[in-house]
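Below is one structure; the comments refer to it alone.
The values are calculated or read from the model by the stated rules, or taken from the named source; none is laboratory data. What you see is a predicted model, and the numbers here were worked out from it, not measured in a lab. Every residue, glycine among them, receives a Cβ derived from its backbone with ideal geometry; neighbour counts consider all protein chains shown. The accessibility values were calculated without ligands, DNA or RNA, using every heavy atom of the protein model including side chains. Shrake-Rupley method; radii C 1.70, N 1.55, O 1.52, S 1.80 Å.
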Amino acid sequence: MSRIVVLVTSPRLPAGLLTADAWDAVRTYPVFAAGWLPLADPLRAAGVLVTEVGDDPEVALSHLRTAAGGTEATGGTDGDRAVVWLAGTGDTPAGGVPALLAERLATDPALDFQVEILYGSWDPPGARLLDVASVMDRLRSPGGCPWDAEQTHESLRPYLLEEAYEAYDALLDGDLEALREELGDVLLQVAFHARVASENADEGFDIDDVAGDLVAKLVRRHPHVFADRTVSGPDEVNTNWEAIKKAEKKRDSALDGVAQSQPALSLAAKYLSRARRAGVAVSPPSLPPTVEAPHDQEALGALLFALVAAGDQSGLDAEAALRAAARSFAENVRNEERARPR
């Protein structure tokens, strides 16, 4: 029985990067394609004859069946008769030659050939990130989306926070399906800002620069993985990370680099965490003697909400008040750091 081998490859890898089985197939059997494909050039350069038969699936199927029954379809094994179809973008289970083959085999049991799917290459992990860059390029290029084309760093600014908060909400809800979607929206903001920057000669960076800087940073800050440093556990990893970051950024204080635009509650928590990890002996304000320290999340939440409500009744802004207290704590930490012997 003759075979029609549908050769499927990844569009995200170099066209000539094929498995040994794929190269064996194209060198052994006649090769057909609807029209020009990126894979055709490296195949022809290797001496493989690629016959283009047009993009009509019925016509293509006729050519394949005829060739599969011809003497040129005989391979290296007696009775092994096959032809290869190079799958293009229109060849999917729902369309193109593969769909037509499946339909014919399902409706005509007399057909005397088999269909084999041969994967000549697979997407490596992270390959779909190339699609993100490609789609963003299409949206921002002439003929793309008018709304996307007019966006700037400034106009996109609120979306970065919004998408991050929505991803955080999905985490709190334990909704992994929503988290997957929201992380995609966060990734969109990264790709969007990088694309905008690549169009401005004064900014001069693109998505590859962003990714390259990230990789370099991860390597530098994990010397216990990428170099010969040893660590005793996660705590030492955190300590090394902060020390390396402080040296890289030439910061004078452990609190330098904390995002000031974040909400006051997270700002205060970040200041406390940074000061604690840096070993700065500055105590935060104490609770009044009449207030019992909360011992669980529920009690802490109730206490915080009660304080917000009490401030609201007195016409006070809890966000502004906590931000001022956090900044006062930060100044005390910096004073303590400056007083340390150099």
### Query
Is it fair to say Ala149 is open to solvent by less than 80 Å² (accessible area, probe 1.4 Å) and in contact (Cβ under 8 Å) with a residue 12 or more places away in the chain?
no
### Residue within region 211-230 that is farther than 25 Å from Arg128 by Cβ and among the hydroxyl-bearing types (Ser, Thr, Tyr) present
yes
### Summary
Taking region 43-58 and keeping residues of a type in the set (A, V, I, L, M, F, W, C) and either within 22 Å of Arg12 (Cα to Cα) or surrounded by 15 or more Cβ atoms within 10 Å (Cβ to Cβ) (or both) leaves Leu43, Ala45, Ala46, Val48, Val50, Val53
### Query
What number of residues within region 43-58 are modelled with pLDDT of 90 or more, under 18 Å from Thr89 (Cβ atoms) and of a type in the set (A, V, I, L, M)?
2
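Look at Leu101 and say whether it is at pLDDT 90 or above and either buried (at least 20 other Cβ atoms within 10 Å of the Cβ) or over 25 Å from Asp123 (Cβ atoms) (or both).
no
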#### Entry: One residue from Ala40, Ala20, Ala33 being modelled with pLDDT of 90 or more, open to solvent by 60 Å² or more (accessible area, probe 1.4 Å) and either touching a strand residue (DSSP E or B) at 6+ places or on another chain (Cβ under 8 Å) or under 15 Å from Gly120 (Cα atoms) (or both)
Ala20
### Message
For region 220-243, give me each residue that is closer than 20 Å to Ser273 by Cα and touching a His at 6+ places or on another chain (Cβ under 9 Å).
### Response
Glu236, Val237, Asn240, Trp241
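Quick grid of which residues meet (1) assigned to a helix (DSSP H, G or I); (2) farther than 28 Å from Glu162 by Cα:
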position	(1), (2)
Asp235	yes, yes
Lys246	yes, yes
Asp252	no, yes
Val258	no, no
Val282	no, yes
Leu287	no, yes
Glu298	yes, no
### Task
Check whether at least one residue in region 210-219 is open to solvent by less than 40 Å² (accessible area, probe 1.4 Å) and within 29 Å of Arg334 (Cα to Cα), and report yes or no.
no
### Query
Just for region 88-103: of the residues that are out of contact with any strand residue (DSSP E or B) (no Cβ under 9 Å at 6 or more places or on another chain), assigned to a helix (DSSP H, G or I) and in contact (Cβ under 8 Å) with a residue 24 or more places away in the chain, which one is nearest to Ala15 (Cα to Cα)?
Gly96
### Message
Just to check your reading of the model, which residue among Asp312, Asp296, Asp256 is acidic (Asp, Glu) and open to solvent by 90 Å² or more (accessible area, probe 1.4 Å)?
### Response
Asp312
### Cβ-Cβ under 6 Å pairs, at least 6 apart or on other chains, region 276-297 side modelled with pLDDT under 85, far side assigned to a loop (DSSP other than H, G, I, E, B)
Ala278/Ala254
### Task
Check whether at least one residue in region 178-198 is open to solvent by 80 Å² or more (accessible area, probe 1.4 Å) and touching a residue at least 60 places away in the same chain (Cβ under 8 Å), and report yes or no.
no
### Query
If you take the residues of region 117-142 that are open to solvent by 70 Å² or more (accessible area, probe 1.4 Å) and not in a helix (DSSP H, G or I), which of them is farthest from Ala87 (Cα to Cα)?
Pro142
### Message
Residues that are under 20 Å from Gly144 (Cα atoms), at least 1 per element: which helices (runs of 4 or more DSSP H) completely within region 168-230 meet that?
### Response
176-198, 207-220
### Query
Hey, Arg229 hits all of (1) out of contact with any Pro (no Cβ under 6 Å at 6 or more places or on another chain); (2) surrounded by 11 or more Cβ atoms within 10 Å (Cβ to Cβ); (3) not β-branched (Val, Ile, Thr) but one; which does it fall short on?
(1)
### Message
Can you report the number of residues in region 199-209 which are open to solvent by 70 Å² or more (accessible area, probe 1.4 Å) and either closer than 13 Å to His153 by Cα or in contact (Cβ under 8 Å) with a residue 24 or more places away in the chain (or both)?
### Response
1
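Given the criterion within 39 Å of the chain's Cα centre (by Cα) and on the phi > 0 side of the Ramachandran plot, identify the matching residue among Gly315, Gly257, Gly301.
Values: Gly315 fails: within 39 Å of the chain's Cα centre (by Cα); Gly301 fails: on the phi > 0 side of the Ramachandran plot.
The match here is Gly257.
Given the criterion modelled with pLDDT under 90, closer than 22 Å to Leu111 by Cα and either open to solvent by less than 60 Å² (accessible area, probe 1.4 Å) or among the acidic types (Asp, Glu) (or both), identify the matching residue among Leu64, Leu13, Leu7. Outline the logic, then answer.
Working: Leu13 fails: closer than 22 Å to Leu111 by Cα; Leu7 fails: modelled with pLDDT under 90.
On inspection, the qualifying residue turns out to be Leu64.
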### Task
Kindly check whether there is at least one residue in region 304-312 that is modelled with pLDDT of 90 or more and at positive phi.
no
